[in-house]
Structure formats: structure tokens, C-alpha cells
Ligand SMILES: Cc1cc2nc3c(=O)[nH]c(=O)nc-3n(C[C@H](O)[C@H](O)[C@H](O)COP(=O)(O)OP(=O)(O)OC[C@H]3O[C@@H](n4cnc5c(N)ncnc54)[C@H](O)[C@@H]3O)c2cc1C
């Protein structure tokens, strides 16, 4: 049986003097087994780098946040086998719509227009926890100790040669040495806080109520596509199909406590007010989320890198948070592999922040902020907004430009990750 990396690291520290303890650890540690951490770990593993993932939870959590994987993300992950796994578990949605509650369908955009630019001209809908569970199992199948569950990072020091992490485990507190650390430990990142990296931006006043139901929304709206954005100031909605359920999100614009918002009475009241014929559907999935727009001041500090939500948070309208995090994972894994295998020098790693942070600042924050403003449009703004959508949808070049923005193709081309 292989020795756990924590035990191996503890043994090597005990047997060595300080100079030796600072020698190369021959290990990259990823903190956080969310979709970004696990994707990074999988890409590093495939590139032949020794990687250990530390995750504070005992098992993969059933997490209904992200479900959208955009076309260029699928292109970039194709070689790793992740795209094929997502396609097995997910649902291809070539078309999305902009709608009004009273106006119905306003405009429809078909990813088919991107045909010459992507091998995956659709949005793939798949719950993020299914990707995490798939990668968790794939990594464990390579090596039993590649993912260490119930291992929470609580401290960190670094020197010229590496990073020492303090880790809380079921057996007590241990330290673990790594050559490089990738912090993919989410929006509340412990590592980012330990490094005192500012995370400036804003928190939206509205929370988001997410509901999953077997109720068939096409019974009420027969021209509904699989992905739909409905503009309305108090009831802006995202209605989309995920493989097993329909999912609808509505804003919580007042101070209704989360516990009330999650109750049957509240949820059915909100749905019935908008769709009186909906009856009393089952709502097996429900959650309340706070949305932010924040970007870390630095993505690299010495031998530690931030990726995914640890580096940037944005509102979920447009499905760009996880996709952006996966683009971080791809950029960082490629760069670390180049340096590890001696193909490039350390400056390759500085390129990570230069490539990814401007996209988080300019593309993702700007686009998602615009998405929310458009969704919140009141009756006086909607005429103009809907006229703009209709015009764009009717002009193939304008529709193509819009799809390039919404699918993140434009962002990835701009930052040099796609030709
Ligand atoms: C309602 C909603 C809908 C969304 N929809 C989409 C969408 O359709 N498409 C999209 O692209 N994005 C979407 N997002 C955003 C997406 O969910 C996140 O961007 C994504 O989860 C980020 O993944 P991550 O791996 O960076 O972080 P997380 O998923 O938060 O994972 C972080 C992991 O780190 C672990 N961890 C934390 N602290 C420690 C520690 N100290 N030690 C060890 N482990 C630790 C956590 O337990 C967790 O497993 C949505 C978000 C919301 C709220």
C-alpha cells in the first residue's frame, strides 16, 4: 500500500535537518477538490506531474451551482477526456432565448452559427458535482492518495524552494511540503486569506433562489428552449434544463430570510404568482446563494497560485464563473508542466496572471454585470432592450458576435488561449 503524502512528508521532515526539509518536495498540492481543483489536478497528472489534492469535506458535495459548460471550454478540455465525460453525463443545448413573462420569446440565438469556430457548437448542461465526482474517481483510480478527503488547509509558509502547508486531518494536525501550491479552495479561500491577498469588489443586494423540479416548463411555454433568460425587475429568471430536472432561479430582492425562502409555501407562492397554472410541483432541489463581483489583487504569490472562485467571483447570469475557473486551470496546468519538465523558465508562471486576470476583470465581470442589468430591465427599458435583441438575432454577423461573447470564445481568443 502506498504511504499517504502527509505521512511521507512527516517522516521526511523528522529524518532530515532544515536544509534537507527544504529540498524539492517533488509534489504539487492543489487545495480544494471542487471542479477547478480537480480539473487542474487531472491535467497536471496527465502531463506527468505528481499531484496531491487536499479537500476539507469527506465526500464530493451534491452542488447545484454551475451547470453550463461553454463551447470553447469543451474544445479546450477535449484532449484530456473531460469533454467526453461531460457529454456522457450532460445535455447538449444548441439554442438559448431571451424572453419576457408577458412578451414570451423575444429572440433566439443558435450556437450553430459558431460552427466554424468550435467543435462543440452548443452549451452543455451538466451539474458541476457530477464533473467533480467523475474526476475524484478518475484521480483515485490512478493513485489511492491523490485526493485526500477531510484534509483542511489551515496554515501556510513559503520559502525560496517550496511551500509548507499545515493541514488538519482526522488524525490531527500535520504539515505537508510542496514545490508549488494551487489554491482552488473557493470564494472564501483560506489560502488567499493566509496570503493576505485583497479580494475587492462588490456583493449584490439581491440573493438568488435556485429551484430544481421535474415539472415540465414547456407545458406552460410551448416555444421554450432549453436555456432561457427572462427579463423583469423583481422576477428576473433563468429557466434551464439540466439532465434530470428543469431549473429555475429567481431573485430575492427583499430581506426574506433564507429559511423562509426555502420553504414550500414561499417557493410555491413565487412560482404560482408568475405561472398560475403550475399547480404544486415537487421541488427536490432548492438553494439560496449570494452573488458577488470580485477579483483577487494577485493570482500568484511566490510559489502559490489562485484559481477558480478563489481568484474571482462573478454573478452567475451567463454561466461564466466555473468556465473562467476551468480556463485558469488549463492555463496554469500547461505552464506548470512546461516549467516542471524544464521546457520553460519561471517567467512562464508569471504569464498565468497576465493571461487570466485581465479576462476576469474586463470580460467576465463586464459581461455578467451587463447580463444582470438587462435581466432587471423594467417595462420602460424592455422595449429598447428587446428591440436590440431582435435586431441582433436577425443579423447573422451581429448574432455571431453576440454568441462569441456569451460563449466566452471572444475572451479566450483575446487572451491567446485559442487561435
Ligand atoms: C447559483 C449559481 C449558479 C452557477 N452557475 C454557473 C454556471 O452555469 N456556469 C459557470 O461557469 N459557473 C456557474 N456558477 C459559478 C460556479 O459554481 C463556481 O464558479 C464554481 O463552483 C467554482 O469552482 P471552484 O472549484 O473554484 O470552487 P468550489 O466549487 O467552491 O470548490 C472549492 C473546494 O475547496 C474546498 N475547500 C475550501 N476550503 C478548503 C480548505 N481550507 N482546505 C481544503 N479544502 C478546502 C471546498 O470544500 C470545495 O470543495 C454558479 C454559481 C452559483 C452560485
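Any read-out appearing in this document is the output of simple, stated calculations on the displayed coordinates, not a laboratory observation. These numbers come from a predicted model, not from an experiment. Don't worry about glycine lacking a Cβ; one is built from the backbone with ideal geometry, like all the others, and counts go over all protein chains shown.
Highest mean packing first, where packing is the average number of other Cβ atoms within 10 Å per residue, the peptides 110-122, 393-405 line up as 110-122, 393-405. Short to long, the 10 Å bins of the Cα pair-distance histogram for the range 129-228 hold 11, 26, 27, 20, 12, 5, 0 percent of all pairs. Which of the three applies to the range 373-419, rounded, prolate or oblate, going by the alpha-carbon gyration tensor with a ≥ b ≥ c and a/c under 1.5 meaning rounded? In terms of gyration-tensor shape, oblate. Averaging 1/r across all pairs of distinct Cα atoms in the range 115-177 and inverting the result yields a Kirkwood radius of 15.2 Å. The range 326-400 has equivalent-ellipsoid semi-axes of 41, 14, 8 Å, by the square roots of 5 times the alpha carbon gyration tensor eigenvalues, sorted largest first.
In terms of other Cβ atoms within 10 Å, 56, 373 run from fewest to most in the order 373, 56. Projected label points at residue 173 and residue 288, each 7 Å from Cα along the beta carbon direction, are separated by 3.5 nanometres.
Simple spin-label estimate for residue 110 and residue 78 gives 2.2 nm between the two label positions (7 Å along the Cα-to-Cβ direction from each Cα). With distances taken between every two different alpha-carbon atoms, the range 321-368 has a Kirkwood hydrodynamic radius of 11.3 Å.
Highest GNM mean-square fluctuation among 228, 362, 371, for the chain modelled with Cα contacts below 10 Å: 362.
Packing, as the average of other Cβ atoms within 10 Å across residues, places the peptides 210-221, 243-254 in the order 243-254, 210-221, highest first. Taking Cα atoms only, the orientation of helix 5-14 departs from the longest principal axis of the chain by about 30 degrees. Computed from the alpha carbon positions, the gyration tensor of the chain leads to an equivalent ellipsoid with semi-axes of 40, 23, 19 Å, biggest first. Put the Cα centre of the range 38-61 next to the Cα centre of the range 301-329 and the gap is 16 Å. Helical runs assigned H by DSSP (4 residues or longer) give the chain a calculated mean residue ellipticity at 222 nm of -10500 deg cm²/dmol, each run adding -39500 (n - 2.57) before division by the residue total.
Each of residue 347 and residue 361 was given a label point 7 Å from its Cα along the Cα-to-Cβ line. The distance between the two points is 2.1 nm.
If you take the Cα centroid of the range 142-185 and the Cα centroid of the range 214-286, the two points sit 41 Å apart. Residue 398 to residue 338: FRET efficiency via 1/(1 + (r/R0)^6), r the Cβ-Cβ distance, R0 51 Å, to the nearest 0.05? For R0 = 51 Å, the calculated efficiency reads 0.85.
Set against the 2.2 N^0.38 Å expectation for a compact globular protein, the range 22-117 has a Cα radius of gyration ratio of 1.50. To the nearest ten degrees, helix 128-142 and the longest principal axis of the Cα atoms of the chain are 30 degrees apart.
Stretching residue 419 away from residue 154 to a fully extended chain increases their span by 91.4 nm, per 0.36 nm per residue minus the current alpha-carbon distance. Taken over the range 39-186, the alpha-carbon convex hull comes to 157 cubic angstrom per residue.
How far is helix 396-406 tilted, in degrees, relative to the longest principal axis of the Cα atoms in the chain, given as a value from 0 to 90 rounded to the nearest 10? The helix 396-406 is inclined about 40 degrees to the chain.
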